[in-house]
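The values are calculated or read from the model by the stated rules, or taken from the named source; none is laboratory data. It should be emphasised that the depicted structure is a prediction, and the values quoted were computed from it without experimental measurement. Counting neighbours? That spans all protein chains shown, and the Cβs are built from the backbone with ideal geometry, glycine included.
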Amino acid sequence: MFGDLSGMMDKLKQAQQKVEETKQRLNTVLIDENGADGKIKVTVTANREIRAISVDDTLLQDAEELEDYLVLTLNKALKRAGEINEQEMAIAAKSGMPNIPGMDMFK
């Protein structure tokens, strides 16, 4: 019985390490999103961190319009980043999980 428990603990540690490695890798996955007819470009990581924002000079004349486009473009980019993050983290967690009866949360 304790052999099985020890094996499960090792697998859980491996799963935790795999999740941490995936988090680090997701920092290098960049998602570009364009808005306002290409006048705004945002780059975020798959960990939902903003890396860059580029704004065309023509949008600098109207602060309200700029804010609206920024919100829309950032939301689209962060949504895509979140989807990628969730998929990758689920794969990482599932790959290292021991087979425990009744624990099929990743199916």
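What to note about this one:
- The stretch 34-49 residues that are within 20 Å of E86 (Cβ to Cβ), paired with ones that are at pLDDT 95 or above and of a type in the set (D, E) (beta carbon under 7 Å, 6 or more apart): V42/E33; T43/D32
- Residue in the stretch 74-92 that is surrounded by 14 or more Cβ atoms within 10 Å (Cβ to Cβ), at pLDDT below 95 and among the polar types (S, T, N, Q) present: yes
This table checks each residue for (1) surrounded by fewer than 17 Cβ atoms within 10 Å (Cβ to Cβ); (2) among the basic types (K, R); (3) in a loop (DSSP other than H, G, I, E, B).
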{"residue": "Q24", "(1), (2), (3)": "yes, no, no"}
{"residue": "T28", "(1), (2), (3)": "yes, no, yes"}
{"residue": "E33", "(1), (2), (3)": "no, no, no"}
{"residue": "V42", "(1), (2), (3)": "no, no, no"}
{"residue": "A52", "(1), (2), (3)": "yes, no, no"}
{"residue": "L66", "(1), (2), (3)": "no, no, no"}
